[in-house]
1. How many residues are more than 24 Å from residue A:112 (Cα to Cα) and surrounded by fewer than 19 Cβ atoms within 10 Å (Cβ to Cβ) when one looks only at region A:199-234?
2. Taking the options A:99, A:78, A:53, A:36, name whichever one is closer than 18 Å to residue A:202 by Cα and within 13 Å of chain B (Cβ to nearest Cβ).
3. What are the residues in region B:307-336 that are modelled with pLDDT under 95 and either in contact with a strand residue (DSSP E or B) (Cβ under 9 Å, 6 or more places away or on another chain) or assigned to a loop (DSSP other than H, G, I, E, B) (or both), if any?
4. Which residue is surrounded by the most Cβ atoms within 10 Å (Cβ to Cβ), if the candidates are limited to region A:259-285 and must be within 9 Å of chain B (Cβ to nearest Cβ) and over 9 Å from residue A:241 (Cα atoms)?
5. Would you mind telling me which numbered condition in (1) in contact (Cβ under 8 Å) with a residue 40 or more places away in the chain; (2) within 11 Å of chain B (Cβ to nearest Cβ) residue A:119 fails?
6. Take region A:190-206 and flag every residue that is within 14 Å of another protein chain (Cβ to nearest Cβ) and under 14 Å from residue A:121 (Cα atoms).
7. When you check residue B:179 against the structure, is it within 18 Å of the chain's Cα centre (by Cα) and either within 24 Å of residue B:78 (Cβ to Cβ) or surrounded by fewer than 21 Cβ atoms within 10 Å (Cβ to Cβ) (or both), yes or no?
8. How many residues does region B:110-138 contain that are under 13 Å from residue B:155 (Cβ atoms) and touching a strand residue (DSSP E or B) at 6+ places or on another chain (Cβ under 8 Å)?
């Protein structure tokens, strides 16, 4: 084992973070300030998620870490190794087997259960930040439920582009009260947040904020009656497993501009192929 | 045929091995020791201690070695180590009036009790590359004088006696600590000073420079700049009195700023304050200028809309560890977000082309 406390942070710090998490769960969508610590990985690389995971993990937990939906992307590997080293918890790549899932930019395709916690890494927790740069002002706007600026922005999008030109980090409203940043997930994932059985925790280390969604919380993507929200993805099936319902990455395969689409959720794709589903280019992949 | 990207773990390990090899450089060249860095790269060590918020020259030297001389990376190593240290208590406030000065200058008085002490400064060197140093760095010992025994009074104290300089409000309140509590704005001056002393030297310098060039100009003179060692004392409850637990070197700068008065304050001099670990005078002077600029509200001055007057702007962007982390995180994969943008741009283009065609018809 290591010389560090279980999951790196000392117990007092974990307690402070747990308090912030509990407050966040009690006021869904509200950004709770917390005394974020300097972690041994850089700000902007998941320090908020790592601190929330560290405060959430128990020795019995099984952890899954994904980045862009994949377990094998470099930063996911790095964070998983960090917890293997400092907490000694079991890790897994199988969504259903994990009790805590830390994610960056995706929600797994497989529906999560009441026994699971989903921890999001958040770069900019303030959904109003790019409309109003001052934190003093945006906190006031949340307190007064003054979201007019956001609606004007969405309206201007429609006036200019004929649609809301936000493809990821698409703002949501939680239980009819707080406008919340869902972290930079593609808007395809937004509907999964609403009514989710698992606890959803959001950690922003650099910006020192934690927020949360208790199970079965109503989460609505902002829209207008005549311009309803639409979850979108590439209009194609996965070339490896044939899935039509999963979010797809576009991969450039040759110098001639050839491309293929594959599931961004690598575990979902793997499980489907293991169950015998085959996409248009799936056969040779299995042989390789 | 596309094969899912695998092997991230091995790639990371190999990259780390290569990094270690690069850090060492040519094995035929003798390896740097921590002592060498601490003694001969002292100003780098000082910067790492100041911005790392941890006074330990050996650890700072180790961090510089490990970081291959990248000081922000070294500061990051120190910060990450610092968070794991238990906190035993707080020391008494240091008394810079009792400083054993190696350098002490005033730009506002030709002479003053305690005198002008130039100390080890680059100030009047001609910046000519010394090629002799490439071959042989040994130097004859510098001339010595008997050290001053009595305390060196602060220059601003003399102005204070005439009531010409604004008196600072004394307070025994425990100052806030932004490493333990989330930063809440508007902050107190103590919080701002803490953020500035650990802020990035380049950022604070740039902010200070902007005030000199007219973005909230505040007419600063270096009333006093002093560098030296001070005793650090701590009250030990079991003993019932304070004992000296060590010495630290600090740089203190007090600026004297011309001030013609405002709606609330009479004409008088005002000050900016800088205090930084080690010999770090560029940083201490910059800090004092920015401190003064941020005091506009307290002194009843106008908000010129200058960046250096904007507390939120300065405090949220002065920390180089936050800044570099967030800046460099854009190297991480973003292909999920990029994919959603790709689809959006393609759709917008399709619709724009459709609209153009319709217009043409």
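1. 6
2. On the way: A:99 fails: within 13 Å of chain B (Cβ to nearest Cβ); A:78 fails: closer than 18 Å to residue A:202 by Cα; A:53 fails: within 13 Å of chain B (Cβ to nearest Cβ).
Just a single option satisfies the conditions, and that option is A:36.
3. B:332, B:333, B:334, B:335, B:336
4. Out of the qualifying residues, it is A:264.
5. Single failed check for residue A:119: (2).
6. Within region A:190-206, A:203, A:204, A:205, A:206 qualify.
7. On the way: within 18 Å of the chain's Cα centre (by Cα): yes; either within 24 Å of residue B:78 (Cβ to Cβ) or surrounded by fewer than 21 Cβ atoms within 10 Å (Cβ to Cβ) (or both): yes.
Yes: the conditions hold for residue B:179.
8. Total meeting the criteria: 4.
The values are calculated or read from the model by the stated rules, or taken from the named source; none is laboratory data. All of these numbers come straight from a predicted model, not from anything done at the bench. All Cβ positions, glycine included, derive from the backbone under ideal geometry; neighbour counts span all protein chains shown.
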